[in-house]
Amino acid sequence: MIESSSPDGEVLLGGYFVAVPESLNGLGLPRAARLTTASDCLIDRLPEEGRWFGTTSEALEACLPVLVHVGARLYALLVPADRVDGFVADMVASDTYEPVLLAHLDRRADGPVREVAAGGRVLGWEVLGYDIGLLHSWLCNNLYEDGVRQLGVATDDDRGLLSDQEAAVRVAAWATLVVTPSPSPGSPPP
């Protein structure tokens, strides 16, 4: 769902998920006709909530035995290569991680990085973090309105995604500062 912020454009496949894009008009969130997010907080994934797949065929096979809405789509989560190590560190530190994402992104593990299936197209950028075993979007962390106001960024009306790399990098840097609590006076640094 995102392009790379690395100069060479290298991205690593995190995994695949199946979801039905939904209209979003919630308080403090962007209006989106077909919200597209990797966050469990804002969209249900199929065939069961929170399910990630290592290949397109695994995803499609898992959906065969269940009634799947006609609007369901297969998505790939791509992570910029220069952001992967921090993302993996957050997953490992949580002690509750998604095995497919970790298996694809942990470059310490043996095995090749899997290629993204042919025929896909980039939809946009989403700023994600990892906490308590789940991906969380900047949208589900109540940062959207402040981000728009303070950074002047905007999401598209169709999917609720940022349209360019610059906006995503700015939101990610800003969100890190906003979400990271400051130490109280007199307390030792973390």
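Computed from the coordinates by the stated procedures, all read-outs in this text should not be read as laboratory data. Bear in mind that the values here come from a model prediction, so they are computed numbers and not experimental data. Glycine gets a Cβ as well: all are built from the backbone with ideal geometry, and neighbour counts include every protein chain shown.
List of remarks:
- Comparing mean-square fluctuations of Val92, Val84, Val178 from a GNM of the chain with C-alpha springs under 10 Å, the top value falls on Val178.
- Total formal charge among the other residues, if their Cβ is under 10 angstrom from that of Ser23, Lys/Arg +1 and Asp/Glu -1: +1
- As a length-normalised measure over Cα pairs under 8 Å and 6 or more apart, the relative contact order of the chain settles at 29 percent.
- For the chain, built as a Gaussian network whose Cα springs stay under 10 Å, the top-fluctuating residue of Leu128, Leu64, Leu139: Leu64
- Within the chain, the cysteines lacking any other cysteine Cβ closer than 4.7 Å to their own Cβ are Cys63.
- Build a GNM of the chain with springs between Cα atoms under 10 Å apart, and of Thr155, Thr96, Thr36 the one that fluctuates most is Thr96.
- Our estimate of slack between Glu10 and Ala173, defined as 0.36 nm per intervening residue step minus the Cα-Cα distance, is 56.7 nm.
- Two-site label geometry, Ala33 and Leu64: point separation in nm, points 7 Å out along Cα→Cβ: 3.4 nm
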